[in-house]
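Take a look at the following structure, please.
The values are calculated or read from the model by the stated rules, or taken from the named source; none is laboratory data. Values in this document were obtained by computation on a predicted structure and should not be read as measured data. A quick note on method: Cβ atoms are made from the backbone with ideal geometry, for glycine too, and the neighbour counts reach across all protein chains shown. Each accessible area value is taken on the protein alone, full model and side chains, heavy atoms only, with ligands, DNA and RNA left out. Shrake-Rupley method; radii C 1.70, N 1.55, O 1.52, S 1.80 Å.
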Amino acid sequence: MTSASESPSAAPFSRIKIRAGALVFCGDAIALIRRDRADSTHYTPPGGNVEHGESLNTALARELAEELHLDIDQAEGGDLMWVVDQRVTRPGPTPPPRKLHLIYRFHISPELRATLAETEQDELPDGSCETGVIEWLDYRKTAKLPIFPPIGPALAALPDPRAAVTDAALEAVTDDNYTWV
């Protein structure tokens, strides 16, 4: 039986999901996952949805281990950097959830970076997998990249990778300012 919050007749944004993601810096380079699709390419910070009963730290550690093969105990940092509130209609039969993206910041050494994954497999709803390529890009050149959530301009504006952030709440992502690609 399908619950009201999962049925196609449920109101958009009546469910809330939390995604724990990370900006993993190695000097001025940042790890982003590039996803190439038939009609588009986009980037995402490593991370994923927090599962039922899972703490934020456990979810973040699990996702970074799955996607980058990174043990967060070997990284420096882990501070919450930004929060992005996503309320965007998306294609598909189920009503879209409201999603809060919690974006943490870590720093790693070149030696640790050399041991990390170069690709990651993302399981799709139909059971197939999509391969993502881990790219290390200069964070200052991310302003115009198709990154989701759209953090590129804020990321590129940082004076340095360790700069303090005065307001963790980035602009909400809504149908008025974002279109799925």
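If you take the residues of the stretch 19-34 that are over 9 Å from Pro161 (Cβ atoms) and of a type in the set (D, E, K, R), which of them is least open to solvent (accessible area, probe 1.4 Å)?
Looking at residues that are over 9 Å from Pro161 (Cβ atoms) and of a type in the set (D, E, K, R), I get Arg19.
Now for a separate question. Within the stretch 54-69, how many residues turn out to be in contact with a helix residue (DSSP H, G or I) (Cβ under 6 Å, 6 or more places away or on another chain) and open to solvent by 20 Å² or more (accessible area, probe 1.4 Å)?
Number satisfying all stated conditions: 1.
Output the residues belonging to the stretch 124-149 that are free of Cβ contacts under 8 Å to residues at least 60 places away in the same chain and not aliphatic (A, V, I, L, M).
We begin by selecting, within the stretch 124-149, every residue free of Cβ contacts under 8 Å to residues at least 60 places away in the same chain; these are 124-129, 131, 141, 143-144.
Pro125, Asp126, Gly127, Ser128, Cys129, Thr131, Lys141, Lys144 - these are the residues of the stretch 124-149 that are free of Cβ contacts under 8 Å to residues at least 60 places away in the same chain and not aliphatic (A, V, I, L, M).
Scan the stretch 99-130 for residues that are more than 21 Å from Leu155 (Cβ to Cβ), at pLDDT 95 or above and open to solvent by 60 Å² or more (accessible area, probe 1.4 Å) and jot them down.
Listed by number, the residues that qualify are Glu111, Ala114, Thr115, Glu118, Thr119.
Check Val88 against each of (1) under 25 Å from Ala172 (Cβ atoms); (2) in contact with a helix residue (DSSP H, G or I) (Cβ under 6 Å, 6 or more places away or on another chain); (3) of a type in the set (Val, Ile, Thr) and name the one condition it does not meet.
(2)
List, please: which pairs have Cβ atoms under 7 Å, are six or more places apart or on different chains, and start with a residue in the stretch 70-89 that is closer than 12 Å to Leu102 by Cβ and open to solvent by less than 30 Å² (accessible area, probe 1.4 Å) and end with one that is part of a strand (DSSP E or B) and hydroxyl-bearing (Ser, Thr, Tyr)?
Close Cβ pairs satisfying both conditions: Gly78/Tyr104; Met81/Tyr104.
Need a quick list: strands (runs of 3 or more DSSP E) entirely within the stretch 85-181 having at least 3 residues that are under 20 Å from Ile16 (Cβ atoms). Let's see the steps before the verdict.
Details: elements: 98-107, 119-123, 129-138.
Here the list reads 98-107.
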